[in-house]
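Here's the structure, in structure tokens; my notes come after.
The values are calculated or read from the model by the stated rules, or taken from the named source; none is laboratory data. Quantities reported herein were computed from a predicted structural model and do not represent experimental measurements. A quick note on method: Cβ atoms are made from the backbone with ideal geometry, for glycine too, and the neighbour counts reach across all protein chains shown.
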Amino acid sequence: MRSYDSILLTAERSVEDLLMLIDWAEKSSNHVFVFLHCDSPTLKAMKQISIGRKNMNWTPALRGEWLEISVEHDDSCKAYVVMHKKYFLPKLPTGYEIIHAGKKNSTIDLGFQGDDTGDNISDLNLYLNELTVTYWAWKNAPRTEYIGFAHYERFFMLPDSETTDRSPEIYTPIKRNKSHVVTMQEAVALLQDCDILARKVSFVGASAFRVREENHDLYWEISKKYINQNIPQALEGLYIQNASFRLIACQVFFTRWKVFDEYCKWMFSWAIPAAREWMPQSGNGFKRFISILCEEMTQVFMMQHNLRIKYLPGFVGDKESTPEKPIF
């Protein structure tokens, strides 16, 4: 779940197993070091494989040789994984960073960077959910050309055509139906002819917008007030979006920082004041109404800003997976 500057592989393995481990290690480190004994049959085979590869270098050692593999990762993209509870995740590709959502009021320490440092709205996590991590990244994370967001159990997946027979425990972070979690390099490549990578559209039932209007729900009246004050044109877009019964859910996406910056200015202009007014009036009931509305508003932003969208399939993990009882 974390990235390393280097990974050391020393146990003797077959060429096939070693190549799988190297492939796995390259996705999470800048250097891979492999020690091969002088009597190992793998040594000769790896020597042949390394011929002509500038990123593979050999160094003689006592009773064997060291193979150093230098790896170049795409630092132009970074993805933040929202996590709020103890959860088991197999190893993620380089570029993913787990952020503890709602850490300010959390009773547990997950051991990851929290959304409660610097300029933050961590105290609003019960009301805005993953958006507290989005805000934290906007205000505090190093600015990269591209940025993405995933959830502890939700990731974009791509077909894994080259490694369909490899073991998920060895090769890839999360693997279902011969797919793998999208890497930073893949995300950047996919964004070259579009503005945002989003989850495939879901079809929803009755219009939540109409229900809110008919019931005069308090959270909706509060939200509508701040939407009208800050982005009045979005209200009409929300009417249109709800009439389609189609939703790009969960706020999992990759995009350029320029688009992300505009999205955050647009979204938080109304969501933060609405959540702060709703917070003392929500009582002991369901608190996530504004967060759910924000999912719908994310789609309105895409529509009103004429974003070119590329849809990707998403992986949804088992919510009950824990470090003690991993499920994947």
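A few remarks follow.
- Residues considered: Thr59, Thr107. Of these, the only one that is within 30 Å of the chain's Cα centre (by Cα), modelled with pLDDT of 80 or more and farther than 30 Å from Arg143 by Cβ is Thr107.
- Checked against the criterion of being over 18 Å from Tyr80 (Cβ atoms), of a type in the set (Val, Ile, Thr) and touching an Asp or Glu at 6+ places or on another chain (Cβ under 8 Å), the candidates Ile272, Ile222, Ile231 yield just one match: Ile222.
- Whichever residue in region 271-294 is of a type in the set (S, T, N, Q) and in a helix (DSSP H, G or I) and, among such residues, is farthest from Gly148 (Cα to Cα): Gln281
- Note on region 61-119: residues that are loosely packed, with under 14 Cβ neighbours inside 10 Å, charged (D, E, K, R) and assigned to a strand (DSSP E or B) total 0.
- Residues that are touching a strand residue (DSSP E or B) at 6+ places or on another chain (Cβ under 8 Å) and among the aromatic types (Phe, Trp, Tyr), drawn from region 255-277: Trp257, Phe260, Tyr263
- Qualifying positions in region 82-105 - within 13 Å of Asn129 (Cα to Cα) and touching a residue at least 24 places away in the same chain (Cβ under 8 Å): Val82, Met83, His84, Lys85, Ile99, Ala101, Gly102
- Matching entry among Glu262, Glu277 (being over 21 Å from Lys139 (Cβ atoms), of a type in the set (D, E, K, R) and either under 19 Å from the mean Cα position of the chain (by Cα) or at pLDDT 90 or above (or both)): Glu277
- Residues that are touching a Leu at 6+ places or on another chain (Cβ under 6 Å) and closer than 12 Å to Leu18 by Cβ within region 32-41 comprise Val34, Leu36, listed in sequence order.
- Within region 107-131, residues that are at positive phi reach partners that are among the small types (Gly, Ala, Ser) and in a loop (DSSP other than H, G, I, E, B) with beta carbons closer than 9 Å, at six or more positions or on different chains, in the pairs Asn129/Ala101; Asn129/Gly102.
- Long-range neighbours under 8 Å by Cβ, at least six apart or interchain, first residue at negative phi and charged (D, E, K, R) within region 134-148, second surrounded by 22 or more Cβ atoms within 10 Å (Cβ to Cβ) and assigned to a strand (DSSP E or B): Glu145/Cys77
- Subset tally (residues that are in contact with a Gly (Cβ under 7 Å, 6 or more places away or on another chain) and buried (at least 19 other Cβ atoms within 10 Å of the Cβ)) for region 271-321: 1
- Restricting region 229-270 to residues that are aromatic (Phe, Trp, Tyr) and part of a helix (DSSP H, G or I), the residue that is surrounded by the fewest Cβ atoms within 10 Å (Cβ to Cβ): Tyr239
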